[in-house]
Amino acid sequence: MGAHKNGMKPLLLQLLARLARLFARRDPGPLRRILLIKPDHLGDLLLATPALAALRQSHPEASITALVGPWSRRMWQGNPSIDALIDLPFPGFERTPPGHRPPSIVLRLAALLRPYLLLIKYALLLRPGRYDAALLLRDDHWWGAALAALAGIPRRIGHAHPLCAPLLTTALPYNPHEHVTRQALGVVQALQDDRRPTTDDRRPTTDDRPSAIGYRLSAIGYHHPSSSFHPTSAEHAWADEWLAAQLGLGERLVVIHPGTGGSAKHWLPERWASVADALAATPGARLLLTGGPGEAPLVAEVAALMRDPVLTLAGQTSVGQLAALLGRAALVLGVDSGPLHLAVSQGAPSVHLFGPSDQARFGPWGDPQRHRVLRAGLFCSPCGVFDACPRGTSGPECMAAISVGEVVAAARQLLSS
């Protein structure tokens, strides 16, 4: 849930901050119980995993609990840096069809009130946990900041987004163009640096040092921590079995994942088919088209446009099975999506096509020699609008301007290296 233009919201959040002070714990005490708040989807949770590792290393004895949406639970499930996961259906993060509206005024009013009713409900459920600190791992998530405040958590660390800052005790500088992984690492560093007594009567501390968001990786022994996800042994075994049945001796797997959650981030199916045909001609390459639930029609369309038959797996794998398979690929190509970040986490070289997404904020978190981002560089890109081009172009122009030749050249360069 990003910033709202409703002028009443800042006033309402100020009132929530005052109300939270009435029920706050006055003595923060030692850091025994830490709560992470991350409402996003799969790729965003994956990009936050370096921060989880940093938090566990800096607080090895603490009990770390994460609040995540049920839609992304699998991404942190089994992560050794977390002791417990709690599902929470964060309002505003459920993916509903574009243009969906409740049919009546009463239902629309109920939809408007729902975020605040859920806020009270979950704050009351969290209070008995007596958490010592809450880390907000999304910079503009005012609802999560309000939740931590109403739950009486004495240390609340996030970014100084205008709607979040009144509800935090430590607010890092807000830069909407900073990479989300670096932002999350900065929040963890701020918790480690916070040695001052904290009360809810003082104003939020804003750390405005230039290095604060830059995050001092060396402070906890990290040079360039990568994102991480760990498929189970059964998921690895499934990937090995599938590859043994599909690949011949000496063949290398090249994966194209054309789908994503926002239609404006899509590339043209006929261009994916041209790229797949070109790469299929590479000696030893075996092409596979993958897709998640609901992406089977797109995968089928790309396959039908190709000259030769191709392997397809759409909606037939779990997240863990897909990760294990991507980790065995010689190359993975796609648009800005969770599966592409999953490929990076498994060590597979990758090519990412970016249009409306901000590469500086959501680009691959890994070695730039192994992960390439291609974009057309239009004047209006990145706009951050993923459901339709704001300029009304027939098909997002920023995606259409990326040529087949650019993608093939980047792919062949990675394959050869």
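Before moving on, here are some points about what is shown:
- Taking all Cα pairs closer than 8 Å and separated by 6 or more residues, the relative contact order of the stretch 233-416 comes to 24 percent.
- Separation between Cα centres of the stretch 314-330 and the stretch 157-194, rounded to whole Å: 33 Å
- Each Lys and Arg adds +1 at its Cβ and each Asp and Glu adds -1 at its Cβ; summed about the Cα centre, the stretch 293-417 shows a dipole of about 300 debye.
- In summary, the lysines within cross-link reach of Lys9, defined as a Cα separation below 27 angstrom excluding same-chain residues under 8 places away, comprise Lys38, Lys121.
- Taking 0.36 nm per residue of sequence separation and removing the Cα-Cα distance, the Ile105/Ser417 pair yields an extension gain of 106.4 nm.
- The stretch 233-416: C-alpha gyration tensor shape, a/c 1.5 cut-off, then a/b vs b/c: prolate
- Taking a ≥ b ≥ c as the square roots of the eigenvalues of the Cα gyration tensor, an a/c ratio of 1.5 or more together with a/b no larger than b/c marks the stretch 223-281 as oblate.
- The modelled label-to-label distance between Leu118 and Arg73, using points 7 Å beyond Cα along the C-beta direction, is 1.5 nm.
- Projecting the Cα atoms of Val351, Cys398, Gly338 onto the charge dipole of the stretch 335-417 (Cβ charges, centred on the Cα centre) puts Val351 farthest toward the positive pole.
- Virtual spin-label span in nm between Lys9 and Asp193, 7 Å along Cα→Cβ: 2.8 nm
- Global geometry of the stretch 307-417, whether rounded, prolate or oblate, following the gyration tensor of its Cα atoms and the 1.5 cut on a/c: prolate
No value in this document is a laboratory result; all are computed from the given coordinates. It should be emphasised that the depicted structure is a prediction, and the values quoted were computed from it without experimental measurement. So basically every Cβ, Gly included, is an ideal-geometry build from the backbone, and we count neighbours across all protein chains shown.
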